[in-house]
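The values are calculated or read from the model by the stated rules, or taken from the named source; none is laboratory data. Quick caveat: nothing in here was measured; it's all calculated off a predicted structure. Here the Cβ positions follow ideal geometry from the backbone for every residue, glycine too, while neighbour counts run over all protein chains shown.
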Amino acid sequence: MIPNQPAAYGVTKVTAAENPLEILAEEVLRRGYVVTDSGLSAEDIARYREQLDAVYAVQQQEIGGEENMQRINDANVARCLLAYDDVFLTMAANPVLLGVAERILGANFVLLMQNGVINPPATKHYQINWHRDLNYQHWVCSRPLALSALFCLDPFSRETGGTYILAGTHLKEDFPSDAFVRRHEEVIEAPPGSLILFDAMMFHRAGHNTSGIIRRAVNHVVGMPILGQQISMPDMLQGRFSDDPFLARYLGYRWNPRAGVRSWRMQRLRDADETRQRKGA
């Protein structure tokens, strides 16, 4: 009888991955990405589609219209969504996202950015260029610094301009050769409600949308607190959620530079009180 556990010899260290979140985290660490179910219902997905379009319309007006979005090469991207609609805070606090982030990054991590990406048919989108979500970085380190979490709100396929990836490129400093890219690029096929989790240093891009539908998604980059947010969420939120111990850390309130020595020490006192309360619970 062939045992369920593959045989091995000369092996003295084995990764422990027993529960679903640990298995997802291992996929990200070794391959660079994994696709899983986000747990969103059909009603959730429909609402997120509608609200993503609504937030983008507001942001168009803020800057004087779509023409100005085009001028700054930021068309079809809605930024910092949760500052405009609390429903996107619920998405950012998705249990699968947070569970995998904790297993990869540790107990302390911060939401660096939340961007809605709208990919209309037959429209050029700058996200079609290969990039890392930690842009312009040509180095790697022994542990991941950031995790990207892309929620699919419409079907992802070659026809709809779904995400293309180069698996394993989070482990190498430089961008691969054209020949390597042609051989190894792969497009992620995923239904609405899927969650694509990947190392933020893995090269990826959007595809050309040749279908007749809009392809929407919302990307999150969650990283170590040593990294700065793209847009200051504490400033955008103006103090909202700062009294929640987890959200104060996750949204960046806790990690902002303090205004002075006393302020820094008062924060340390609050942290000590919180730790004492947790241990006493």
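Things worth noting here:
- Filter result (under 16 Å from Leu89 (Cβ atoms), buried (at least 19 other Cβ atoms within 10 Å of the Cβ) and in contact with a Cys (Cβ under 6 Å, 6 or more places away or on another chain)) within the stretch 209-267: none
- Pick from the stretch 1-49, criterion loosely packed, with under 12 Cβ neighbours inside 10 Å and acidic (Asp, Glu), ranking: modelled with the lowest pLDDT: Glu18
- Members of the stretch 78-136 that are farther than 20 Å from Leu227 by Cα, among the β-branched types (Val, Ile, Thr) and either in contact with a Pro (Cβ under 8 Å, 6 or more places away or on another chain) or part of a loop (DSSP other than H, G, I, E, B) (or both): Thr123
- Here the condition is being of a type in the set (A, V, I, L, M), out of contact with any strand residue (DSSP E or B) (no Cβ under 9 Å at 6 or more places or on another chain) and under 28 Å from Asn209 (Cα atoms); of Ala17, Ala46, Ala8, Ala75, it holds for Ala46 alone.
- Residue tally, condition crowded, with 18+ Cβ neighbours inside 10 Å and on the phi > 0 side of the Ramachandran plot, over the stretch 111-168: 1
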